[in-house]
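*Asks:* Before anything else, here's the structure in question.
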Amino acid sequence: GEESSGETKAPTKKKRKNKKPLPPKLYNKIVRVEDQPPCYPQRYWFVYQYIPDMDWCHLCPVRQDGVFKAGSRKGRPRFRLVPEGEAREIDVPASRCTI
């Protein structure tokens, strides 16, 4: 019989063809909301709940609370969740959220 050369081909990765781009993973992210009504003064929101199948997010407002004083983030703004009851949470389509 014939002998093989002993070489094996490495499997190649399949590329996504003709598919729409994957949506961003919004779990535990800070986002901005496109076309946000002016009645919400918050600029940034925490994604409290994200359901990609429904293209839906439940967002909690965050506000700036000082700046980082040390480490790699030194000088950058520090954000914290707004205490419950001080601001409204909102539900929006995930497509309106940008990281």
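*Asks:* Can you give the accessible area per residue of the stretch 29-99, in Å², using a 1.4 Å probe? Mind showing how you got there, number by number?
*Replies:* On the way: 5160 Å² over 71 residues.
Result: 73 Å² of accessible area for each residue.
*Asks:* Expected output is a single nm value to one decimal: the length gained when fully extending between D53 and S72, i.e. 0.36 nm times separation in residues minus the C-alpha distance. What is it? Show your work: numbers first, answer last.
*Replies:* Numbers: separation 19, 0.36 × 19 = 6.84 nm, distance 3.58 nm.
So the extension gain works out to 3.3 nm.
*Asks:* Test of understanding: what is the full-extension gain from N28 to R43, defined as 0.36 nm times their sequence separation minus their Cα-Cα distance?
*Replies:* Working: separation 15, 0.36 × 15 = 5.40 nm, distance 1.66 nm.
Using 0.36 nm per residue and subtracting the Cα-Cα distance, I get 3.7 nm.
*Asks:* For the charge dipole of the stretch 38-99, defined by +1 on Lys and Arg C-beta atoms and -1 on Asp and Glu C-beta atoms about the Cα centroid, which residue among S72, V62, Q49 has the Cα displaced farthest towards the positive pole?
*Replies:* Farthest towards the positive pole: S72.
The values are calculated or read from the model by the stated rules, or taken from the named source; none is laboratory data. For clarity, every value in this text was computed on a predicted model and none was experimentally measured. So basically every Cβ, Gly included, is an ideal-geometry build from the backbone, and we count neighbours across all protein chains shown. Ligands, DNA and RNA are stripped out before the accessible areas are found, and what is left, the full protein with its side chains, is counted by its heavy atoms. Shrake-Rupley method; radii C 1.70, N 1.55, O 1.52, S 1.80 Å.
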